[in-house]
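J.: Quick one: structure below, then a few questions.
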Amino acid sequence: MEIKNANWVFMDPRLESMSQDYSAYTAEDFEVWKVLYERQIVNLPNAASQAYLDGIKEIGFTADRIANFEEATENLAQSTGWAIQVVPGLIDDDLFFGLLKNRRFPSSTWLRKMEQLDYLEEPDMFHDAFAHMPLLTNQPYVDFLEKLSGIALKHIDNPWAIHLLSRIYWFTIEFGLIREDGKLRIYGAGILSSAGETKFSLSTEPEHLEYDVKKIMKTAYFKNKFQDKYFIIEGYEQLYNSLPEIESILEEELAEKAREQE
């Protein structure tokens with residue numbers, strides 16, 4: 001898929017007329033957001049990356065108001081120039097990476113029900129907003145996200161390449177740890193939206209590994225249970241600076257895969 005125009009995403013028929021209807025949220029929706037927010041925010045001052053803690057203030061989220069994407073986009077425009085793009089839920093890889101390449105973060109607008117507080121098969125907007133969006137205020141983080149997505153788009157027709165890049169995304173954007181002032185902190189959204197994994201990821205139970213592109217590409221991940229390994233970066237600039245290595249090792253892995261298939 002060739003990206004010719006930064007505004008192409010708004011012309012994609014899969015996103016036609018997609019927007020957040022804030023007036024449609026019910027009293028239960030506001031209560032669900034409040035419960036989830038208050039339950040998790042108390043765990044984060046000594047667990048989350050400082051960039052996340054700064055970002056949640058900068059983007060303007062509070063317990064009493066469901067995230068308003070129009071306001072969030074206005075705030076992001078002042079920091080990193082990113083925007084929030086409403087999507088119907090899980091979307092195709094080309095659309096997902098295309099949005100990110102064009103500095104549009106895809107988010108659903110539906111919230112789980114009260115009886116679903118602890119488990120969902122598909123991420124809802126609490127995960128997308130509360131866990132992901134605050135870090136969109138951090139420039140090296142979003143630069144990495146944009147460029148990684150550009151690499152993915154170059155290989156969008158190669159399932160194995162997308163699979164390997166999904167491991168990079170998973171162990172950084174979703175389940176990454178960062179070392180700050182000598183202490184482990186969380187920046188991965190999959191952890192930040194989970195009280196249980198917040199505690200588990202920083203405990204002595206899982207394996208903590210230094211950020212290693214090649215090792216990550218060879219490491220499987222779990223969707224239905226806590227990870228058994230977490231990779232640690234020393235700073236968000238490290239992610240951005242690793243992009244040439246990601247491209248190089250990806251090419252090596254693709255060449256090896258091609259030889260195996262000969």
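The values are calculated or read from the model by the stated rules, or taken from the named source; none is laboratory data. Computed from a predicted structure; not experimentally measured. When we count neighbours, we look across all protein chains shown, and the Cβ atoms used for this are built from the backbone with ideal geometry, even at glycine.
J.: Conditions first: (1) closer than 24 Å to Glu16 by Cα; (2) at pLDDT 95 or above. Gln85 passes all but one, so which condition is the exception?
T.: With (1) closer than 24 Å to Glu16 by Cα; (2) at pLDDT 95 or above applied to Gln85, the lone miss is (2).
J.: Take Phe105 and tell me if it is of a type in the set (Phe, Trp, Tyr), more than 20 Å from Asn224 (Cβ to Cβ) and free of Cβ contacts under 8 Å to residues at least 40 places away in the same chain.
T.: So Phe105 fits the description; yes.
J.: So, in segment 94-129, how many residues would count as being closer than 18 Å to Arg39 by Cα, crowded, with 22+ Cβ neighbours inside 10 Å and among the aromatic types (Phe, Trp, Tyr)?
T.: Residues meeting the conditions: 1.
J.: Which ranges mark the strands (runs of 3 or more DSSP E) fully within segment 146-262 that have 3 or more residues being more than 19 Å from Gly55 (Cβ to Cβ)?
T.: The qualifying strands (runs of 3 or more DSSP E) are 207-210, 229-233.
J.: Specify the residue that is farthest from Ile84 (Cα to Cα); the eligible residues are those in segment 96-112 that are hydrophobic (A, V, I, L, M, F, W, C) and part of a loop (DSSP other than H, G, I, E, B).
T.: Leu111
J.: Something else about it: Which of the following residues is crowded, with 19+ Cβ neighbours inside 10 Å and closer than 17 Å to Phe105 by Cα: Ile84, Ile91?
T.: Among Ile84, Ile91, only Ile84 is crowded, with 19+ Cβ neighbours inside 10 Å and closer than 17 Å to Phe105 by Cα.
J.: Looking at (1) modelled with pLDDT of 95 or more; (2) surrounded by 12 or more Cβ atoms within 10 Å (Cβ to Cβ); (3) not basic (Lys, Arg), can you tell me which one Ala27 breaks?
T.: Condition (2) is where Ala27 drops out.
J.: May I ask you to verify whether Asp143 is of a type in the set (Asp, Glu) and either in contact (Cβ under 8 Å) with a residue 60 or more places away in the chain or over 16 Å from Ile84 (Cβ atoms) (or both)?
T.: So Asp143 fits the description; yes.
J.: I would also like to ask the following. When both residues are 6+ apart or on different chains and their Cβ atoms are under 8 Å apart, which pairs have a first residue that lies in segment 238-262 and is of a type in the set (A, V, I, L, M, F, W, C), and a second that is assigned to a helix (DSSP H, G or I) and surrounded by fewer than 17 Cβ atoms within 10 Å (Cβ to Cβ)?
T.: Leu239/Pro140; Ile249/Lys214; Leu254/Trp160
J.: Separate question: Any residue at all in segment 237-254 that is touching a strand residue (DSSP E or B) at 6+ places or on another chain (Cβ under 8 Å) and surrounded by 13 or more Cβ atoms within 10 Å (Cβ to Cβ)?
T.: yes
J.: So, one more: May I ask you to list pairs of residues, at least six apart or on different chains, whose Cβ atoms are under 6 Å apart, with the first in segment 149-160 being under 15 Å from Ala258 (Cα atoms) and the second being assigned to a helix (DSSP H, G or I) and at pLDDT below 95?
T.: Close Cβ pairs satisfying both conditions: Trp160/Lys257.
J.: Tell me yes or no: at least one residue of segment 178-187 is free of Cβ contacts under 8 Å to residues at least 40 places away in the same chain and of a type in the set (D, E, K, R).
T.: Checked segment 178-187: at least one residue is free of Cβ contacts under 8 Å to residues at least 40 places away in the same chain and of a type in the set (D, E, K, R).
J.: In this structure, is Ile232 in contact with a strand residue (DSSP E or B) (Cβ under 6 Å, 6 or more places away or on another chain), surrounded by fewer than 20 Cβ atoms within 10 Å (Cβ to Cβ), modelled with pLDDT of 95 or more and not hydroxyl-bearing (Ser, Thr, Tyr)?
T.: yes
J.: How many residues are within 16 Å of Val142 (Cα to Cα) and within 18 Å of the chain's Cα centre (by Cα) when one looks only at segment 54-78?
T.: Summing the residues that are within 16 Å of Val142 (Cα to Cα) and within 18 Å of the chain's Cα centre (by Cα) in segment 54-78 gives 8.
J.: Starting from segment 59-73, take each residue that is over 21 Å from Ala27 (Cβ atoms) and in contact (Cβ under 8 Å) with a residue 24 or more places away in the chain and list its partners that are of a type in the set (D, E, K, R) and part of a helix (DSSP H, G or I), counting only C-beta distances under 9 angstrom and pairs at least six apart or across chains.
T.: Matching pairs, first to second residue: Ile59/Glu71.
J.: Mind checking which pairs have a first residue in segment 191-218 that is on the phi < 0 side of the Ramachandran plot and a second that is of a type in the set (Asp, Glu) and surrounded by 14 or more Cβ atoms within 10 Å (Cβ to Cβ), Cβ under 7 Å, 6 or more apart or different chains?
T.: Ile191/Glu197; Met217/Glu253
J.: When only residues in segment 198-220 that are within 30 Å of Gln116 (Cβ to Cβ) and either hydrophobic (A, V, I, L, M, F, W, C) or modelled with pLDDT under 95 (or both) count, which is surrounded by the fewest Cβ atoms within 10 Å (Cβ to Cβ)?
T.: Ala220
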